Each structure stands twice: as structure tokens, then as C-alpha cells.
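Structure first, then comments.
Just so you know, all these numbers are worked out from the coordinates, no wet-lab data involved. This one's a predicted model, so the numbers in the text were calculated from it and none came from an experiment. Positions of Cβ are backbone-derived with ideal geometry, glycine not excepted, and every protein chain shown enters the neighbour counts.
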Amino acid sequence: IIIIAIIAISHEFAHGIFASHNKLKTKSTGFGFFPFFLPIFLAAFVELDEKKMAKKKKFSQLAILSAGTFANLLTAILFFAVIWVFFILAFTPSGIIYDGYPYDMVDVSGISIVNGVAIESLNYEEILNLTEETGLSKIKVNGKDYVTTRDFLEQQRENSGKIILYYDAPAINSNLESVILKVNGIEVKNIGDLNNELLKYKPEDKITLNVLSDDGEDYDKDIVLGENPRNKNSPFLGIAFSSEEGRGILGKIYSFLNFKEPNVYYKQNFEASLFVYNLLWWLVLISISVALINMLPVGIFDGGRFFYLTIWGITKNEKLARNLFKFTTYFILFLLLILMLKWAKVFFF
């Protein structure tokens, strides 16, 4: 409700301001409410005199038509700056978040023991039958220890002789919480801090991790470090972090723009921090989306007439401009119809 009100008011009144600047009187302006199921949204409107507007110079009409989009872009820029300041004041880096466990690709033919039972044949069904229905199962492959779940093995049934198994590590065996705040009382605010603290210890050392539970309460959890599969002299907790390379260009742009370092847990400095942060982000994203959609060369949007006037001004041919305007309108609506049919197919068939 708040976002739509801000966007609608700034958009519509920008039209009115630019119309007044170009000496075009508005018929009426004001606020209104319209129901969209629940709740009821606040709206704003500016009614222009279309006949008088059509008599204005093309540049003046273009300025008035693009004013709403211009206001939406300014709104996005303004609130992006607000987010930046708000984020610094409202959040503090206080821990790390891991999002996976290290794994290895192994040959099925190398499996020798499942949950302490020697494999008599290399039948995949036999391997599945020896795994636990719930929880982790221990699997030995070529002398190395791994763990997995039956569901995970079921998903890999069709793999050609190779499957993915997780390393038999402390984190996965103890179902370690995904947010780690401290190591033996020392705060870890990023992955580098965590690595530096863990390297102070050796395999089989017992450490105490301060972790965050699902209900938001922190508590201490004792962990016995294992051996690193690649270096037996190094301690091994057994947690993994998603790679930046796998996020794609849009993912990297989003990671950069949201002010958060990857895999860092940020503590809220006051209760409504996350709500306000998300509100501001959605305000920026929706402002940009409305600006882009409003300038589409479709008759129902300001961009439709903007496109028509631009083509007319470039070609000096009003008939060509009108025909191109009609074509682009119907073409984009046709593409939208195809997209909606594809969505309907996914949901209902």
C-alpha cells in the first residue's frame, strides 16, 4: 500500500507539474482509493485536457508524457540512496552464513560398505536398501568415508556410474546451524575470520561454536574438528559457500547493489530493520519496473503516444507513425498473450 501510494502520487503529479510548465491546464487532480481485493490502495490522478495537449508542440507533449517515468526513476535513485544510509545504521555484520556441505563425485563401483554392511554386489538397489529411511547413512568408497541420505541417492539413480556424496564431516553429522557467530568466544564477521580461527586448531580438537537457532536465539554448540580430505594435518569443519561464479551477471549485480557481503550474517540493530530495508528495496525495484513498463510502445501506456510522436517527428510522416504505433501495440499485446498462455499451461495442465 505504501509503495503503490508513493509511486502513483509521484508519477501522476509529475505529469501535472510538467503540464503546468508547458502551459497546459489540468482538468482536475486529486487522490482516490480503489479496492484490489483486500486491502484498499491509495491512488492519485491528474486529468489533462487531451485536445489542448494535442495542439502543443511535439517536444512539449513528449516532456509531459515522459514526466511520470522521469519521476519514477528519480524516486528509485532517491530511495536507493536512502537504503544505503539506512543499511549502514540498521545492520551490523555479526557472523557468517554457510549454504552447503563439501562433496565429492565418486564411482559407484568403488562403494564397499554402507552403514557398516559390506556390499556383496554393485546393484544400486542393494545400496539403497542398506541406507537409512531418514537421516544420514555412512558410505565407504575406496577407503574414504562419506555420508548421504536415501532421498539424495534416489535422485541420482539414473546417473551413469558416478554419484555425489558428502564428506563425512562434523558439520553435516551434527546438523550444524547455518549461522555461526563465534568460535570459542571469538566473533567471526566474515569467511576470512572463520578460516583464521579454525586454523588455530588441529584435527580432533574440540571447539565451541556460538550459533543461531531457527527461532533467532543464539547458543553454544561443541564440535570436534575432523581431518581435511586434502590435507590431513588441517582441521575440517565441513561447510561450503556458494560460488560467485555460479550466480550469473544479474546475481552479481544484485549482490553488489544490496550492500551485503556474500555469506555474511547481519544483525538487526532495531526490530523493524528488515521490514524497512525490504520496503525500501521493493520501492526501488517497483519504481524502476513501473518506469520501464510505462514507456513500452503500447497504446494504453504513456510510451505508446511517446513512440507515435517520436516516429512522426523523425519521419515527418503521420500516417507511417500511426501505423507503426498500431503494429507495435498489437505485437506486444500478442507477445503478452502468448506469455500468459504459457503460464496458464504450467499452472493448469
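Spacing of the modelled spin labels on Lys260 and Phe347, each 7 Å from Cα toward Cβ, amounts to 2.8 nm.
Any chance you could give the angle, 0 to 90 degrees and rounded to 10, that helix 2-21 forms with the longest Cα principal axis of the chain? Tilt of helix 2-21: around 30 degrees. Every pair of different Cα atoms in the stretch 59-161 enters the Kirkwood calculation, which places the hydrodynamic radius at 19.0 Å. To the nearest ten degrees, helix 248-257 and the longest principal axis of the Cα atoms of the chain are 80 degrees apart. Reported to the nearest whole Å, the Cα centre-to-centre distance from the stretch 286-334 to the stretch 157-225 is 56. Return one number: the angle in degrees, 0 to 90 and rounded to the nearest 10, between the long axis of the Cα atoms of helix 302-315 and the longest principal axis of the Cα atoms of the chain. Result, in degrees: 60.
Secondary-structure-derived ellipticity at 222 nm for the chain, considering helices only, amounts to -15000 deg cm²/dmol, per-run term -39500 (n - 2.57) for DSSP H runs with n ≥ 4.
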